[in-house]
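Student: Structure below; questions to follow.
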Amino acid sequence: MTRLARGYAWALLALLVLAQIGYPLTEGTTRARLTVATVVLGYLLSVGHALLTRGTRTALALVALATGGGFAIEALGVATGFPFGSYDYSGQLGPKLAGVPLIIPLAWTWMAWPAWLVAARIVKWWPGRIALATLGLATWDLFLDPQMVAEGHWVWRDADPALPGLAGIPVSNYLGWLLFAVLVMSALRPLAGPAVAGTDTGDHPMYALYLWTYGSSVLAHAVFLDLPASAVWGAAGMGVIAVPLAVTLLRGRRPRDRDAGPARHRVDAAA
């Protein structure tokens with residue numbers, strides 16, 4: 001099952017990477033469709049990985065919390081302005097329900113699962129894990145919102161106060177992301193059960209997804225999308241999780257590398 005899960009995840013990740021590479025090379029309707037395709041791929045990647053590595057309970061919990069909860073809070077936001085601020089979606093992202101494009105809750109789910117696994121890989125203490133997973137999901141919006149607003153996928157009625165360099169997006173939006181993320185991450189362990197308590201080698205595609213999202217977003221915003229401010233904000237915010245993950249993975253490889261050398265030496269000597 002682990003082999004199947006890894007093969008499935010690596011294959012979908014490869015397709016997602018290709019779709020994202022094509023994003024800055026397109027424009028207009030083609031770019032909007034590519035955005036939708038990328039989110040669908042990310043959703044299938046995360047939910048499928050959760051199902052194959054942790055079982056039905058975990059996948060259902062992830063869908064209920066991130067997809068169902070994501071739709072509910074977005075519908076609340078569109079209707080009342082709480083907790084994100086007052087905003088409207090355009091019609092560029094496909095069908096809408098209660099004013100919310102159906103693709104939006106899928107995006108929450110796409111990044112919620114790798115954010116949880118990254119936190120579980122780095123931190124063992126439960127409150128720290130929840131805090132890091134919350135940041136892992138919420139800081140992604142420092143890239144996502146400026147990019148989607150620049151494309152006209154949604155617009156804010158009142159964008160003040162805003163972060164320096166990120167005009168058009170109120171600070172309340174990022175605080176709303178933090179609120180939703182902490183609710184999801186706090187509830188995931190009780191609903192999903194003990195299967196989400198640890199990590200294993202089958203989770204490496206999810207680590208790669210998180211690091212790819214971080215690195216490619218910094219590059220795209222800084223070079224291809226003419227969004228230097230969000231490149232800086234996103235690099236600093238999401239880097240709080242991505243950089244420790246990279247360091248942890250590198251350190252995890254070194255003991256095996258050190259063990260392999262003497263072992264080969266002993267075999268050679270015996271020969």
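Student: What do you reckon, is Ala50 crowded, with 16+ Cβ neighbours inside 10 Å and over 26 Å from Val171 (Cβ atoms)?
Tutor: Criteria met by Ala50.
Student: Let me ask another. Anything in the range 98-133 that is open to solvent by 10 Å² or more (accessible area, probe 1.4 Å), among the basic types (Lys, Arg) and either at pLDDT below 95 or out of contact with any Ser or Thr (no Cβ under 9 Å at 6 or more places or on another chain) (or both)? List them, or say none.
Tutor: Lys124
Student: Being in contact (Cβ under 8 Å) with a residue 40 or more places away in the chain, open to solvent by 10 Å² or more (accessible area, probe 1.4 Å), in contact with a Phe, Trp or Tyr (Cβ under 6 Å, 6 or more places away or on another chain) and not hydroxyl-bearing (Ser, Thr, Tyr) narrows it down to one of Leu142, Leu183, so name that one.
Tutor: Within the list Leu142, Leu183, the selection yields Leu142.
Student: For the range 188-224, what are the residues that are open to solvent by 30 Å² or more (accessible area, probe 1.4 Å) and in a loop (DSSP other than H, G, I, E, B)?
Tutor: Once the filter is applied, which keeps residues that are open to solvent by 30 Å² or more (accessible area, probe 1.4 Å) and in a loop (DSSP other than H, G, I, E, B), the range 188-224 yields Ala197, Gly198, Thr199, Asp200.
Student: Would you be able to say whether some residue in the range 72-87 is part of a strand (DSSP E or B), over 17 Å from the mean Cα position of the chain (by Cα), within 20 Å of Leu142 (Cα to Cα) and not small (Gly, Ala, Ser)?
Tutor: Within the range 72-87, one or more residues are part of a strand (DSSP E or B), over 17 Å from the mean Cα position of the chain (by Cα), within 20 Å of Leu142 (Cα to Cα) and not small (Gly, Ala, Ser).
Student: Only one of Gly165, Gly136 is open to solvent by 10 Å² or more (accessible area, probe 1.4 Å) and at pLDDT 95 or above; which?
Tutor: Going through Gly165, Gly136 in turn, the sole match is Gly165.
The values are calculated or read from the model by the stated rules, or taken from the named source; none is laboratory data. Computed from a predicted model, the values in this text were never measured in an experiment. Note: ideal-geometry Cβ built from the backbone for every residue, glycine included; neighbour counts use all protein chains shown. SASA here: full protein model, heavy atoms, side chains in, ligands and nucleic acids out. Shrake-Rupley method; radii C 1.70, N 1.55, O 1.52, S 1.80 Å.
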